[in-house]
1. With the crude spin-label approximation of a point 7 Å out along Cα→Cβ, what separation in nm comes out for L52 versus S70?
2. Any idea how far apart L37 and C17 come out in nm if each label point goes 7 Å out from Cα toward Cβ?
3. For region 12-54, what is the accessible area per residue in Å², given a 1.4 Å probe and the full set of protein chains?
4. In whole percent, and with a 1.4 Å probe on the protein chains, what portion of the accessible area of region 2-48 is carbon and sulfur?
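The values are calculated or read from the model by the stated rules, or taken from the named source; none is laboratory data. It should be emphasised that the depicted structure is a prediction, and the values quoted were computed from it without experimental measurement. All Cβ positions, even for glycine, are placed from backbone atoms using ideal geometry, and neighbour counts span all protein chains on display. Quick note on the areas: whole protein, heavy atoms, side chains included, nothing else; ligands and nucleic acids left out. Shrake-Rupley method; radii C 1.70, N 1.55, O 1.52, S 1.80 Å.
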Amino acid sequence: MKVEPIREAYSFACLHCGHAWEGSYEIHHSTDANGVLRADYYVRGVQEPSPLTWNTCRICHRTTIRVLRSGRVTAARPLVD
């Protein structure tokens, strides 16, 4: 059974420096050879790691990222040292 890809958008905010950005993904769901459901994320046709489990700030390169629903980047606050 072929499943059509879905499109999802997320907001991301770095909890270290406060940088925030949006990302849109095309998600392809499939079942691997062992019968395990998998989701592959694509940006402009290029496969990328899941932004929900692996993400890095483009400014400070830290991995303390908060994932929010699309349009919520202003709700994030940086960590206070």
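1. 1.5
2. With each label placed 7 Å out from Cα toward Cβ, I get 3.7 nm.
3. Computed with neighbouring chains in place, this is 62 Å² per residue.
4. Carbon and sulfur together cover 48 percent of it.
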